[in-house]
Structure formats: C-alpha cells, structure tokens
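I have placed the structure first, in the form of structure tokens, so that the comments after it can refer back to it.
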Amino acid sequence: MLQNALADAGYPRHVIVACSGGPDSLALAAVAAYFARRGHVDGHPVTVGAVVVDHQLQDGSAGIAARTAHALEELGLSPVEVRAVTVACAGMGPEAAAREARHAALETAAAQQGAEAILLGHTLDDQAEQVLLGLARGSGTRSLAGMRPARGKLVRPFLGLRRADTEEICAVEELEPWHDPTNADPAFARSRTRVEVLPHLEEKLGPGVAESLARTAAILQLDADYLEDVAESTYACLVERDGSELSLPEEALRTLAPAIRYRVIAKAAADVGGQQPSYQRLLAAEALLRRQGSAGPVELPGGVSAYRLSLAQLEESKDNPAKVAPDRAGSVPRERARCGKLVFRPQKPPAK
C-alpha cells in the first residue's frame, strides 16, 4: 500500500512519517523504514524522516514523545524530530484544535526537511468513524466523503487496512506501541463511535460495516470532486467583483441545479473572507433568490453579509451609487421588481 501511495504521489525523494507512538503510525513507520533501508521505491531514490508531535495535553507526554522518537531512530528513520505544540481551543473543539496545531507542526517540519510528502497512519476504521460522525451531524457530500488518500502533501497509505492489521505489524516487528487513553474516553464523540457505536453496528448488522462505510466514502469522494469542479468553473464564470464585495447574477443562479447553486453561494461567501456556511445559513441566503420577504442582509459565518439587489436598484445605482448600498445594521428595502444580483460583502470590523 505504501509503495502504491508513493508512486501516486510522484515518488517523492524525501518523506516524513507523522508518528504519535500509537499502533497505526508506528506500523506505518516500520513499513516506511523498509523502503528507507532499501533507499528506493521502484528504483526511485527515497529517504524517510519522522516527526513526533507532543500536544502537551497529558501528564508525561514529553516522555512518551521521547520514547517514540527513540523507537523511530532504532527503525533507521532520519532525521527524527520531536515538536511540542500549544493547543489553543478558542473557537473550536479540542480534537479540531489539536489537529490544527499538529498539521501546522508537520507542515513546518516538512518544509525544513525538504520533504515532499507527510505520511499519516489513518486506517479504514478511522475512515468508517469519520463517515459515522458526518452522518450524525447531518453533513453533506464533502464531509461524508471522509479523509482523502492524498491531499496536498498529506498521504494516507493505510486507509485500506483495519486497525487490527496495524497492531499485527507492530507485533511482528516487536514494537511496543503507546495506547492513547483518550481513544477510549467516552467524553469524546469519536471515542464513543470507536468503542461503542461501530462495534454495536457490527454486532447487530453483521461484519463488514466498517468496510461498507469506507467504501461509501470512496464513492462519495468521486461525486464530491465532480460537483466541486462544476461549482468552481460555474462560480468563475458568474462572479462579478466590485472592490471588497462581489455579486452573482440572480437569474443565472436560479437556473443552476441546487447542488451547484448552494456550492456557488458558499464559494462567494468564502471569497470575501467568510467561513463555510452551515446548511441552514445556505438555505437563508438562497431564499433571497425567491423574492419573498426580506431582501437581506443574511449574516453568514466569518463576518459576511449577503443581500439582493433588484433591477430597479441597480438602475438607480447608475445615477446615485450611494442609494443602493444597504445599511449593514438594517435591511435592504423590499422591492416587487425581480432581483438582479445576490451581493456578498465583508462586514466592517467592530469599532474599538
């Protein structure tokens, strides 16, 4: 699997393994060490380093990181780094904050080592858990597509392996992985999914549930990629820019299939500095196109306002541009005339 993953990545000359010391990443390090000793993949030269990220969230984490680094050096990986990070949970959950800090540390290490790929030890079980969590949140195609085998420098060669397979690799290689106690802590949704929900589904529905969920993710990845490509090209054709704000023609938006229309609206919000809107916020912004009720503004996450301008307002703006700009604290006057544009504007930062 690693050989195929590196081939798909274009045979990078230097890669790093992100290793927590757990069975999944330690097994990946052991497999990568095989290619490091050979010095090539399919005749293409390769060197393998490693990074151990110490999140400093548990007592004794520095000692665990040091022991993991020693095990990686014993495997023959070089260089092996330990990077301590500070996890800032402001505005996000602890798991997301830890992931953000970890990825930042890995990207920095990759840049400094000249690594063209970062190997992550996520397994098929992780993918199944990701899909279940997405279903529980009521997520869309992008989320249900789960983790990608490769995205940028991040490469996940073990998405086709079960967690039991990585434990067996560690046993064969006589490695002693560290088992993170938070993986079984019911305080975390992912941990409950791992130790309670997925085993219960396997018991009640029969074996193969995890494989089916992972297969669902693989199928949806193809769908999500196609929809993303169509939405991106459609957005590029429709968007009109005016300083810090942008607009989309109402008639063209209304003719789009809903799956593409919602994605185009989300892209517009992101383009002016916003965040990915929730489904409810997308519905609110899309409702402006129906010319019923308020013409806005609709507040979107990340400090973005969306509102509609009718053809009458657009014509009036040619003579007096000031009249068309709505008060950010109020709403756009209602018009019976059909809408001309859906406008996205970054809000002013709060006064100090």
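The values are calculated or read from the model by the stated rules, or taken from the named source; none is laboratory data. Note that the structure is a prediction, hence the values are computed from the model and not measured. Using ideal geometry, Cβ is built from the backbone for each residue, glycine included, and neighbour counts are taken over all protein chains shown. Ligands, DNA and RNA are stripped out before the accessible areas are found, and what is left, the full protein with its side chains, is counted by its heavy atoms. Shrake-Rupley method; radii C 1.70, N 1.55, O 1.52, S 1.80 Å.
Summary table below
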| item | result |
| --- | --- |
| Spin-label pair Asp242/Ala287, simplified geometry with 7 Å Cα→Cβ offset, distance in nm | 2.5 nm |
| Kirkwood-type radius of the chain, with distances r between different C-alpha atoms, in Å | 23.2 Å |
| Chain lengthening between Ser78 and Tyr34 when straightened (0.36 nm per residue, less Cα-Cα) | 14.6 nm |
| Residue-averaged [θ]222 nm for the chain, counting only DSSP H segments that reach four residues, each worth -39500 (n - 2.57) | -15000 deg cm²/dmol |
| FRET efficiency, Ala62 to Asn4 (Cβ-Cβ, R0 51 Å, nearest 0.05) | 0.90 |
| About the Cα centre, charge dipole magnitude for the stretch 1-74 (Lys/Arg +1, Asp/Glu -1 at Cβ), debye | 240 debye |
| Furthest towards positive pole of dipole, Ala184, Leu144, Val155, structure part the chain, Cβ charges | Leu144 |
| Of Arg194, Arg148, Arg99, the one that fluctuates the most in a GNM where the chain has Cα springs shorter than 10 Å | Arg99 |
| On Cα atoms only, tilt of 23-38 relative to the major axis of the chain in degrees | 70 degrees |
| Largest to smallest accessible area among Arg38, Arg308, Arg241, Arg162 [probe 1.4 Å] | Arg241, Arg38, Arg162, Arg308 |
| Net dipole in debye of the chain [+1 Lys, Arg Cβ; -1 Asp, Glu Cβ; about Cα centre; nearest 20] | 1660 debye |
| Rounded FRET efficiency, nearest 0.05, which uses the C-beta distance separating Ala259 from Ser212 and R0 of 25 Å | 0.55 |
| Heavy-atom accessible area ranking, 1.4 Å probe, most first, across Ser143, Ser78 | Ser78, Ser143 |
| Folded to 0 to 90 degrees: helix 124-137 orientation relative to the chain principal axis, Cα | 30 degrees |
| Distribution of pairwise C-alpha distances over the stretch 21-69, 5 Å bins, in % | 5, 19, 23, 19, 14, 10, 6, 3, 1 |
| On Cα atoms only, tilt of 209-238 relative to the major axis of the chain in degrees | 40 degrees |
| Separation of alpha-carbon centers, the stretch 146-202 and the stretch 112-140, rounded to whole Å | 10 Å |
| Solvent-accessible surface ranking, highest first, for Leu28, Leu159 at 1.4 angstrom | Leu159, Leu28 |
| Lys, Arg +1 and Asp, Glu -1 on Cβ, resulting dipole of the stretch 1-137 about Cα centre, debye, nearest 20 | 200 debye |
| FRET E, pair Asp225, Glu168, Förster distance 25 Å, beta-carbon r, rounded to 0.05 | 0.15 |
| Long-range amide H partners of Val82 with built H, under 5 Å | Val52 |
| Gain on full stretching of the segment that runs from His44 to Glu202 - 0.36 nm per residue minus C-alpha separation | 52.7 nm |
| Contour excess over end-to-end distance, with Cα ends at Glu232 and Tyr279 and 0.36 nm allotted per residue | 15.1 nm |
